[in-house]
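Read the structure below first, then the notes.
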Amino acid sequence: MSRAHNDHRSLPFLVFLPGLFFTLVLSALLFPAKGMASPDPFPASGFHPTPVIHTYPNGLRLIYVEDPYSPIVTFQVWYKVGSIDERRGKTGISHFLEHMMFTGTPRYPHGVLDRKINAVGGQSNAFTDYDFTAYFENTAPRYITIGEKVEADRMNNLLLSDKQLERERKIVLEERRNDYDDPTQKLVEQVYAKAFRVHPYHNPVIGWEPDIKHLSRSDLRHYYRTFYMPNNATIIVVGPVNGPELVSQVGQTFGSLPAGSPPDPGIPDEPVQKGLRFTVVHKPAMLPVTMMAFHVPNFKSPDSFALTVLSTLLSGGRSSILYRTMVYQNAVAVDAEGDYEPLTKGPALFYFYAQGLPKVKPPVLRRKFENVIASLQKTPVSSAALERAKKQVISAFLMSQESTFGLGMMLGEMASIGVPLDYLDTYVDHIRQVSAEDIRRVARTYLIRSNETIGYLYPTGTPRNPSFARPNRIVR
Amino acid sequence: MKPEHQTRISLALAAALLLSGCADTSPATPSGPTPAPPPSPFETRDVPVIHSHVYQATLSNGLVVVVIPRPVVPVVSFRIGILAGSSRDPAGKGGVADLTASLLNRGTSTRDALTLFRQIDETGGNLEAAAGRDMTTVSGKVLTSDLTSLFGIASDMVLHPVFPEKEFRHNLLQARAGLMDEKDHAGPVARNLFYKTLYGDGPYGHPSSGTLRSVSRITLQDIRTFYQKEYRPDRTIVTFAGDITPEKALKLVKSVFGSWSPAATSSLQPSPKADGTKPLPSLKTILVNRPQFAQAMVMMGTPGIRRNDPAFYSALVMNEILGGTTTSRLNHVVRQKNGLVYYIYSGFDAERHAGPFFIVFQTFAPNTPKVIALSQKLLRDMKTKPVTDKEVETTRNNILGQFPFRVDTDDRIASLLLYIEAYDLGLGYFTDYPERVREVTPRSVQEAASNLLHPGHLVTVVVGPIPKTGMRPNGKDIVVQ
């Protein structure tokens, strides 16, 4: 259920990991000293991943981490534009433009980037999300300039030819049809559309099909000029780089790009929900699904830490509440989760999701969830369970720094959404401070019916035989 | 969320990646001197790409330990790999290895399932067990401070599982639900039928998960027998990557696995006989109707090679040219020029046994015959027309440049070490691989294409809304399943 639309231009081996949202250590202070032999978390190498920020006169930001031990370098450009910025009738334009960004400039015509990256065995791709659009080139360290040059060029010189546009439209529509064919995807889309009536999170990132069909060249050009500019972008570099050299090199490549007028956000607020909402999908599928979404605050609220721990209590590992009560004992589901993504620019959702065993009705799954919620609201969780969940959150936070690309993704996402870096400095402490009473309080505050959207997927059974089949023939 | 079918779809992808290997030997210079390799009991080789070394030792019971230290952050990944994958499932009982693996964390002689769950989560790390085709793997990742606890639990799962009846029934039910859900997804449907058609009763003929039919035949006794026969120290490899020294790793492994001896009645069956010199299949297209889909998923191919085949490296280069990259011929013609697909690629699924050579794509149903025809043409051209020096050189560089990505996280390194050991690729892999790739010539690529591609024998599986594809059974080589 990743919200990102990853454009699988290279072999599809890059998986966007939503779980990586809380991923960075700025200093040894963050490391849980308890139980460690050495106070230095990186005793063997003395290496501490430390992000450094540099801002250029044209408004472009560079955030880099020197990691001398990484076998690769990741070069990423993050634009503050996503489906959150789209207007009615023009949904999907952020993602469509992301596709167009690969169709060439006068200097690097269509296909040249792929060829250049391929020649050195690198990876190049892009993804569009609600809040951002990002492009990256991962290569062996000495090839970092390939990404630098191409990204600087296409920030300002995109051709956007009609012929390329029509070809990409076909590809995007294929991508959209992939979504239609997935019953779960369809349900998630409908729940979002119900939960958000006014806010642009109402729309799927890829856009509605009629809009994709009608986006014009001038729509795309206007959108490109509005959002693609140095003062709306952040460059992220992680790898065995020399910081000062990198700063000057990026300055030479990107420094001459003109700043534009910053885009007007103008994003409508979502009014407070005043009652239960409901949506149903009937589709050929084998298993039923229930999803329940609640409006909750994002990272800006102190409650986001309690909500993070709550989601781990619910479905972090097999000792979690939902796994134990719905999947393991008295099994009704093959999978049951409580998920929360605090790093969003707009309002966040806390959602429950379960894929039931065959023949279990979606309302049965819902009742199970409601029992769990009622219990969380009534009785404080045990201190053992709370400590376990906090340990899991903090461990995941530390473990995910280990990937060069993952670290870059995290920094880029934070920069694009507007999360201050000191969020990371205090993250572990904030998680440690969450109490059982905090958990009970957020469950009582947010997991309430007037704030809820329910989605059911009712499988309509096996597909009917096609017309050309002989009677009684079993068609797989 | 929807985990099962995701992993299964990506099996084919993983196989393609296996081929898209390795090698760059001269990245940026590390700061500080490289530590000298320690003396015995380890065999050791350089791993220049991450400024480290690989260390290997064998316990007296035959268990092999392989370690690459990479002390960047205080995290360790480990793998316990047992050569007890689904390729060793008893005949007609596909899924036994997978179910056995799924029961490892459902109770040991000293911990019941809930205790295992709780203690694993208390370490803050992850621990999963799953069966692939060649191996059952227990995978862990954890902060260095909690390694001893998590590894201790992992070893308990491997050494002392009790396979409770209740847990067996429960996991069987879950497995069946997962298999039912697969029917909604074109990927696993196409893949399973494709492999079954090509490999039948061979080791790779059935999916690791089994099928609804084969799983329903499995009894608890099958699981216990499989465990007794197949889980043995001399068929087990333990690997570590991350913040750990080889000495510490060896000590840890010895402390828990040192006294493991194989069951007395160890009449280990030979692997089911694979491939060999079976005649090529005849040209065949199988249509599977899924009227609810807008798209058709297509897998087409022929029998391929093993990872250890001497032609592997030339086949690797050949495949990259044909369909292994975004600039490959298939991608260029079908996606870039004609915009007919969202993705298309080809690969050799080459592991312990030979898997297929395949081309896979998804397309809007009415385009299906067109994409199939284009793919066939490109395949024939590859087989019959010579490749240029330039193409081969570009491809070699591409493959060499990809190498760092195989070792850019601890998890990848730990898994790669398992493959190197299980497929007998040798500890010198990290320097041998680039050498072998550099030795590939246009001539060897041409030979590989000529020997390994068989466009006249393609097995093609189409899953989607068949009436919309315009394809019809013809009573000969096009059939409906």
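Using the Cα gyration tensor of chain A, with a ≥ b ≥ c the square roots of its eigenvalues, what is the shape: rounded (a/c below 1.5), prolate (a/b larger than b/c) or oblate (neither)? In terms of gyration-tensor shape, oblate. Counting only residues at least eight positions apart within a chain, or on another chain, the lysines with an alpha carbon under 25 Å from that of A:Lys391 are A:Lys34, A:Lys300, A:Lys378, B:Lys141, B:Lys248.
Taking the C-alpha atoms only, the angle from helix B:113-122 to the longest principal axis of chain B is near 80 degrees.
Under a point-charge model restricted to the Cβ atoms of Lys and Arg (+1) and Asp and Glu (-1), what is the dipole moment magnitude of chain B relative to its Cα centre, in debye to the nearest 20?
Working: 52 positive and 43 negative charges, 346 e Å.
So the magnitude is around 1660 debye.
Leaving out same-chain residues fewer than 8 places away, which lysines sit with a Cα under 30 Å from that of A:Lys359? Qualifying lysines at Cα under 30 Å: A:Lys186, A:Lys194, A:Lys283, A:Lys368, B:Lys2, B:Lys93, B:Lys166, B:Lys183, B:Lys196.
Summing +1 for each Lys or Arg and -1 for each Asp or Glu among the other residues whose beta-carbon sits under 13 angstrom from that of B:Pro90 gives 0.
Roughly how crowded by other chains is peptide B:290-298, in terms of the mean Cβ count from those chains within 10 Å of each of its Cβ atoms?
Values: counts 6, 7, 10, 7, 8, 5, 0, 1, 0.
Average neighbour count from other chains, rounded to a whole number: 5.
Net charge near B:Leu316: determine it from the other residues with C-beta under 15 Å of the C-beta of B:Leu316, scoring Lys and Arg +1 and Asp and Glu -1. With Lys, Arg at +1 and Asp, Glu at -1, the net is -4. Using a cut-off of under 16 Å, list every residue of the range A:215-250 whose amide N is near the label point 7 Å from the Cα of A:Ser161 along the Cα-to-beta-carbon line. Zone members listed by number: A:217.
For the residues of B:247-258, the average number of beta carbons from a partner chain within 10 Å of their own beta carbon is 0.
Straight-line reach from A:Lys345: which aspartates and glutamates have a Cα under 18 Å away, not including same-chain ones fewer than 8 places off? Correct list for A:Lys345: A:Asp85, A:Glu86, A:Asp129, A:Asp131, A:Asp264, A:Asp269, A:Glu270, A:Asp303, A:Glu413, A:Asp422.
Charge tally around A:Ile146: other residues with Cβ under 14 Å, Lys/Arg +1 each, Asp/Glu -1 each, net +1. Sequentially through the range A:358-365, phi angles give Karplus couplings (6.51, -1.76, 1.60; θ = phi - 60°) of x, 6, 6, 7, x, x, 5, 5 Hz, Gly and Pro residues having no value and appearing as x. Couplings for the range A:388-401, taken from phi via the Karplus curve 6.51 cos²θ - 1.76 cosθ + 1.60 with θ = phi - 60°, read 4, 5, 5, 4, 5, 4, 5, 4, 4, 4, 6, 5, 6, 6 Hz in order; Gly and Pro are left as x. Amide H to amide H distances under 5 Å link A:Val334 with A:Gln355, A:Gly356, A:Leu357, where only residues 5 or more positions off or on other chains count and H is placed in the peptide plane. Couplings 3J(HN,Hα) for the range B:451-463, derived from phi with the Karplus relation 6.51 cos²θ - 1.76 cosθ + 1.60 (θ = phi - 60°), are 7, 9, 9, 9, x, x, 10, 5, 9, 10, 10, 10, 10 Hz, where x marks Gly and Pro. Relative to the longest principal axis of the Cα atoms of chain B, the long axis of helix B:147-159 makes an angle of roughly 70 degrees.
Please report B:Met318, A:Met286, A:Met229, A:Met101 as a ranked list, fewest other C-beta atoms within 10 angstrom at the top and most at the bottom. Spell out each step's value before the answer.
Working: B:Met318 31, A:Met286 19, A:Met229 22, A:Met101 25.
Listing B:Met318, A:Met286, A:Met229, A:Met101 from fewest to most nearby Cβ atoms yields A:Met286, A:Met229, A:Met101, B:Met318.
For the range A:205-284, trypsin sites (Lys or Arg not before Pro) meeting the loop criterion (DSSP other than H, G, I, E, B) and having at most 16 other Cβ atoms within 10 Å: A:Lys274.
Axis angle, to the nearest 10 degrees, between helix B:186-199 and the longest C-alpha principal axis of chain B: 90 degrees.
Debye-formula intensities of the protein assembly as shown, expressed as log10 I(q)/I(0) at q = 0.07 Å⁻¹, are -0.56 (one equal scatterer per alpha-carbon, no solvent).
Sorting check: for B:136-146, A:150-160, which peptide has the highest mean count of neighbouring beta carbons within 10 Å, and how do the rest follow?
On the way: B:136-146: 23.6, A:150-160: 19.7.
Order by mean packing, descending: B:136-146, A:150-160.
Between the C-alpha center of the range B:305-360 and that of the range B:396-439 there is a gap of 18 Å. When B:Ile359, A:Ile321 are arranged by Cβ crowding within 10 Å, least crowded first, meaning fewest neighbours, the order is A:Ile321, B:Ile359.
Each Lys and Arg adds +1 at its Cβ and each Asp and Glu adds -1 at its Cβ; summed about the Cα centre, the range A:48-254 shows a dipole of about 600 debye.
Every number in this text was worked out from the coordinates using simple rules, so none of it is lab data. Not measured: the values here are computed from a predicted model. All Cβ positions, glycine included, derive from the backbone under ideal geometry; neighbour counts span all protein chains shown.
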